[in-house]
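Taking it in order: structure first as structure tokens, then the write-up.
Just so it is clear, none of the values below were taken in a lab; they were calculated from the coordinates. In this text the structure is predicted, and so the values were computed from the model without any measurement. Methodologically, a virtual Cβ is constructed for each residue, glycine included, from the backbone with ideal geometry; neighbour enumeration extends over all protein chains shown.
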Amino acid sequence: MGTVTIGVSIAVPEPHGSELQQLRAGFGDAAAHGIPTHVTLLPPTEVDGADLPAIEAHLTGVAAAGRSFPMRLSGTGTFRPLSPVVFVQVVEGAEDCARLQTRVRDASGPVARELQFPYHPHVTVAHGIDDAAMDRAYEELAGYEAEWTCSGFALYEQGADGVWRKLREYAFGGAVVPPQAGAPLERGGLAAH
């Protein structure tokens, strides 16, 4: 199967997800349409494809121990000059996200890894674009607000085309449909999109 690049994140639900994705594209971020709007729990990580079943089992356990929590986005922030990123801030649910990402990256688990930067939950709205566009994103979304109840997270794989596709969703409290039950795995169904 070879090496695959995976990520784990909390999807920003509709209508907020599409709205922020369109705004990101409007600021000139060419990657916007290939990256579902999200809060990262595990950044892009290369793994052996043969390890996916163990990773999925680990994530099932993390989700089973998790509980829903309120999420609220408000205003903007930036990682500049350290990293060319403008984001919408997670002002409620940040501690829950931090605990969750620690469990996902557990040192004894199949995706244990160190982070390049300290964990800071956020929703990227501009990345690697020119400074004027970054400034515009920062200013135009300064009053942005959204809230929802986070009830789980998802595993994604980055395709050769650079597009991130959902492999599987994990609901908190263990409400996960095993791969052999129910509808076919999304892995096969999304590959053609």
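Quick one: count up the residues across the stretch 101-122 that are outside any loop (DSSP other than H, G, I, E, B), of a type outside the set (D, E, K, R) and either more than 30 Å from Ala142 (Cα to Cα) or in contact with a His (Cβ under 8 Å, 6 or more places away or on another chain) (or both).
Total meeting the criteria: 1.
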Task: Residues (out of contact with any strand residue (DSSP E or B) (no Cβ under 8 Å at 6 or more places or on another chain) and not aliphatic (A, V, I, L, M)) located in the stretch 99-115 - done: Arg99, Thr102, Arg103, Asp106, Ser108, Gly109, Glu114
Open item on the list: Being farther than 29 Å from Asp161 by Cβ, among the charged types (D, E, K, R) and free of Cβ contacts under 8 Å to residues at least 12 places away in the same chain: is that true of Glu95 here?
Closed with: yes
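Kindly indicate which of Ala50, Ala25 is surrounded by fewer than 19 Cβ atoms within 10 Å (Cβ to Cβ), part of a helix (DSSP H, G or I) and free of Cβ contacts under 8 Å to residues at least 40 places away in the same chain.
From the options Ala50, Ala25, the qualifying one is Ala25.
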Task: Hits in the stretch 134-170 - residues which are among the aliphatic types (A, V, I, L, M) and either surrounded by 16 or more Cβ atoms within 10 Å (Cβ to Cβ) or without any contact (Cβ under 8 Å) to a residue 24 or more places away in the chain (or both) - done: Met134, Ala137, Leu141, Ala146, Ala154, Leu155, Ala160, Val163, Leu167
Task: Residue list for the stretch 1-22, restricted to those being of a type in the set (Ser, Thr, Tyr) and either part of a helix (DSSP H, G or I) or over 21 Å from Glu145 (Cα atoms) (or both) - done: Thr3, Thr5, Ser18
Open item on the list: Take the conditions in contact (Cβ under 8 Å) with a residue 24 or more places away in the chain, under 16 Å from Phe153 (Cα atoms) and crowded, with 16+ Cβ neighbours inside 10 Å and apply them to Gly17. Does it pass?
Closed with: no
